[in-house]
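Participant: Please read through the structure below; I'll follow up with questions.
Values in this text are rule-based calculations from the coordinates and carry no lab data. The shown structure was predicted, so the numbers you read here are calculated from the model rather than taken from an experiment. Methodologically, a virtual Cβ is constructed for each residue, glycine included, from the backbone with ideal geometry; neighbour enumeration extends over all protein chains shown.
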Amino acid sequence: MKHHATRIALMLACCALGAAAWAAREASPFAGPGFHPRGSWSGFEDHEQELGSAVAKAILEVAPTKARELDFTGRERQLGHGVATVIRTLNVDSPYQHETNDALVKMTLNYIQFAKDHDMVEEMIDHDLRTEMPMLRANGRRVAESGDIDIALMAVTERTACFYQLVEEVRRAPHQVSYRSPYGTVLRMTRQLGQHTLTEKEIHEIYTVPRLRRQAEQLGVEFEVTPWRDDGWITITVKPRART
């Protein structure tokens, strides 16, 4: 809920600042005859402090709750740099409309494609689990001590930036998290260019589902993952581990 509220507040703040961003970009010293900064500059270069201050104020004005996480006092410059990057990214609409997760999607696709091409998908998942093991073990202990299986689901979704920076559309329900696969926009372009041969369905079947099941083993629960759907929506349901 906190991440959702923050995202809504940031989106509203960015919309409110859109006109100012456009005007500032046109007045940028990087603009000039024959040079079009669209998608290259935010228009707020060297003005990140002012941008961050304006966004911080807007967030507090539209925030549904006055949560501590929505108060960016003292972090205005950092916030300004983040919003400037969002502006730059969303202004890239050629050869396709970029999304804020674009770089992370491409890196993940390259990672999976390399593993597939070299018959190393299982080794890739093994490597993922090894690097995640401290987090998985710690949360597995919390699940065992509290009996709260939702800790396991949150550990691989809402509580990790590896999930919420990669995935843009998320729905929540009791013991469930649903999200839209983030790879489709980029794959539609890169498959045409021959950069990737993967499909979203293939990623779901050879990587997403097996990896989640391996994570569940370490967390002491079971993750039920829906089969691939053409609309790209994936639902993870957490359940207690079956007694043997």
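Participant: How far, in nm, would the chain grow between GLN176 and ARG243 when pulled straight, counting 0.36 nm per residue and subtracting the alpha carbon separation? The partial results should precede the final answer.
Facilitator: Numbers: separation 67, 0.36 × 67 = 24.12 nm, distance 2.12 nm.
That works out to 22.0 nm of additional length.
Participant: Express in nm, to one decimal, how much length is gained between ASP93 and GLU224 on full extension, taking 0.36 nm for each residue of separation and deducting their alpha carbon distance. Each step should come with its number before you reach the end.
Facilitator: On the way: separation 131, 0.36 × 131 = 47.16 nm, distance 3.64 nm.
Answer, rounded to one decimal: 43.5 nm.
Participant: Under a cut-off of 29 Å between alpha-carbon atoms, report the lysines in cross-link reach of LYS57, not counting same-chain residues fewer than 8 places apart.
Facilitator: LYS2, LYS66
Participant: Can you return the lysines within cross-link range of LYS201? Criterion is Cα-Cα under 30 Å, with same-chain partners fewer than 8 residues away left out.
Facilitator: Excluding near neighbours in sequence, the set is LYS106, LYS116, LYS239.
Participant: Right, here's the next one. Give, in nm to one decimal, the length gained when the segment between ALA161 and SER40 is fully stretched (0.36 nm per residue of separation minus the Cα-Cα distance).
Facilitator: Gain in length upon complete extension: 41.0 nm.
Participant: What spacing in nm lies between the two simple spin-label points modelled at GLN49 and HIS81, each 7 Å away from Cα in the Cβ direction?
Facilitator: Inter-label distance under the simple model: 1.5 nm.
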